[in-house]
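First comes the structure, then the notes that go with it.
Read-outs throughout are calculated quantities, based only on the coordinates presented, and are distinct from any laboratory measurement. Note that the structure is predicted; figures quoted are calculated from it, not measured. Positions of Cβ are backbone-derived with ideal geometry, glycine not excepted, and every protein chain shown enters the neighbour counts.
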Amino acid sequence: MSLDDIRRRIDAIDDELLELLEQRARLAKRIAEEKHKLGQAMHDPERERAVLRHVEEKAAARKDSIFPVTGLRAIFREIMSSCLSLEEPQTVAYLGPEGTFSHIAARTAFGNGARYVALPTIAAVVEAVARDTVNYGIAPIENSTEGSVTATLDALLESDIMIRGELVIPVEHCLLAKTADISAIRRVYSHPQPFAQCRGWLARNLPNVELVATSSTVTAAQAAANDESAAAIGSRVSAELYDLLLLREGIQDRPENATRFFVLAKHDAPQKENSKTSLVFSTPHARGALRRALEVFDDEGLNLTRIESRPAPGRRWEYVFVTELEGHRLDSPVQRALDRLRTICSTVRVLGSYPRSE
C-alpha cells in the first residue's frame, strides 16, 4: 500500500473507533438508568479495575500485538471516565493547587471526566468528603523514602470517613527554573517532603543555596517563575504550567521513590479477594497489652503489612496503633480478630477495606 492508502485505512479505523465509542457511551447511559431504578451508586471502582485488568490480560495474551500494553490502561481509563461523566460526574478533592502529585494521583485514579476540587490542606480534603461536598478525596499516606504522611493519618483518626482504595504513584522530582544557568541559582523553593527526598542531591549539587519551604510543589514553581535567581523542586507538570525550564530530572535520592495515596469516601469497598484492611486500636496501660493484641492477628493467620503509633486525638500522652493487614473486614478471620480485639482493647475502629494497588 502507498502512504496515502495507509492513511486512508487509518482514517477508516478511526471512524470505526468513533462509532464503537458512541455505542459504548449509549450502553453506559442505559446502565446509569438501571442503577437509578435500583438505587445503586453510579460509580463502581471495582468494576473499573476489572475492566482494566481484563483489557491488559487480553492484550498480553496476543503474541502478535505491537500496541504498548502500558498505554491501554490510560486509554481505557479515559473512556470509562468519559462514559461515567454521562451517568453522574464524580467530584474529587485533592491537595492543591493544580499540578501537585496529589492532582496527578487524582487524575490517574479518575481520569479527565471527573470534576476536580483543589483544596489547601489534607484536613480540608477529608472534611469535604465528610460533608458530602465531593464524592471522593485523594490524600497521600506514605512515601517510600520519607515514610508516613502524618497529616493524613491524623485527619483520618479525627473523621468517620473511610478508605475506599489505594494507588501508588512513582515520584520523579525535577529542578525547575527560569534560567538555564544552574550556577545562577541562589534559592530553591519546595515542599518539605521533596526537600527531604532530594537531600543528598541538593548537598552535592547546590550546597550553598537557601532552601525555602512552601505549602506545595506548585506553590514553589509559582515562586520560581517570579524569581530569576531561584529554582523549584517539582514535577514536569509544574514546569509546563508555569513555563519553567527542566534543568535536571530525577533528582530524588532514591530512583524507586514513590508515594502511596488513599482514595477516601463515605463507604469502603465491597468484599473482594486481594483486599487490605486499615484499622486503629489502642491498648490499656498494662504490661504485655500490645503483645496480646498482636497475638490475636497471629492466631487468626493474618499478615500485618504496616503498624505505627500516633497520638490519640484529644488524649495527652496516649497513643493508638494504626495497622494494615491482608484481608477484607468481612472475611471470617478478620471478623474473628476484630471481635477478639474488642474484648482486650480500649478502642478498635476499622478505617476501611479496599483492593490492594496493582
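Taking amide H positions as modeled 1.01 Å from N, with prolines and chain starts lacking one, the residues under 5 Å from Val320 and 5 or more places away or on another chain are Arg310, Ala312. Distance between the modelled labels on Asn112 and Arg342, one decimal in nanometres: 4.8 nm (7 Å Cα→Cβ projection). Per residue, the chain reaches -13500 deg cm²/dmol at 222 nm when only DSSP H runs of four or more residues are counted, each adding -39500 (n - 2.57). Decide, for region 175-318, between rounded, prolate and oblate: order the square roots of the alpha carbon gyration tensor eigenvalues as a ≥ b ≥ c, take rounded if a/c falls under 1.5, and otherwise choose prolate if a/b is larger than b/c, else oblate. Note, shape of region 175-318 comes out prolate.
Near Phe261, within a Cβ-to-Cβ distance under 13 Å, what is the net charge of the other residues, with Lys and Arg +1 and Asp and Glu -1? Local charge sum for Phe261: +1. Normalising the average separation of contacting C-alpha pairs (under 8 angstrom, six or more residues apart) by the number of residues puts the relative contact order of region 177-248 at 45 percent.
Computed from backbone phi, the HN-Hα couplings of region 70-77 come to 4, x, 5, 4, 5, 5, 6, 4 Hz, rounded to whole numbers (Karplus: 6.51 cos²θ - 1.76 cosθ + 1.60, θ = phi - 60°; Gly and Pro given as x). With each label modelled as a point 7 angstrom along the Cα→C-beta vector, the Val212-Gln335 pair spans 5.8 nm. Computed from phi, the 3J(HN,Hα) profile of region 225-239 under the Karplus parametrisation 6.51, -1.76, 1.60 (θ = phi - 60°) reads 5, 10, 9, 5, 9, 10, 9, 9, 9, x, 9, 4, 4, 5, 4 Hz, with x in place of Gly and Pro.
Rounded to 0.05, the FRET efficiency of the Asp243 and Arg316 pair, given R0 = 45 Å and the Cβ-Cβ distance, is 0.40. Between Gly165 and Val263, the built amide H atoms are under 5 Å apart, and every one of these is 5 or more places off in sequence or on another chain.
Using a simple spin-label model with pseudo-atoms 7 Å out from Cα toward Cβ, Asp181 and Ser148 lie 4.7 nm apart. Taking a quarter of the surface of the Cα convex hull of the chain gives a mean projected area of 23.8 nm².
Going by neighbour counts of Cβ atoms within 10 Å, the residues Ser81, Ser238 line up, fewest first, as Ser81, Ser238. Under a 5 Å amide H cut-off, with hydrogens placed 1.01 Å from N, Ala139 pairs with Phe262, Leu264 among residues at least 5 apart or on other chains. The packing ranking, built from the mean of other Cβ atoms within 10 Å per residue, places the peptides 217-226, 126-135, 283-292, 342-351 in the order 217-226, 126-135, 342-351, 283-292, highest first.
Within the chain, what percent of beta bridges assigned by DSSP are antiparallel, to the nearest 5? Beta bridges within the chain, antiparallel portion: roughly 75 percent. Rounded to 0.05, the FRET efficiency of the Arg291 and Ser229 pair, given R0 = 51 Å and the Cβ-Cβ distance, is 0.35. Could you pull out the pairs from Lys29/Lys63; Lys29/Lys276; Lys63/Lys276; Lys58/Lys272; Lys37/Lys266; Lys29/Lys266 whose alpha carbons sit more than 28 Å apart here? Among Lys29/Lys63; Lys29/Lys276; Lys63/Lys276; Lys58/Lys272; Lys37/Lys266; Lys29/Lys266, the Cα-Cα distance tops 28 Å for Lys29/Lys63; Lys29/Lys276; Lys63/Lys276.
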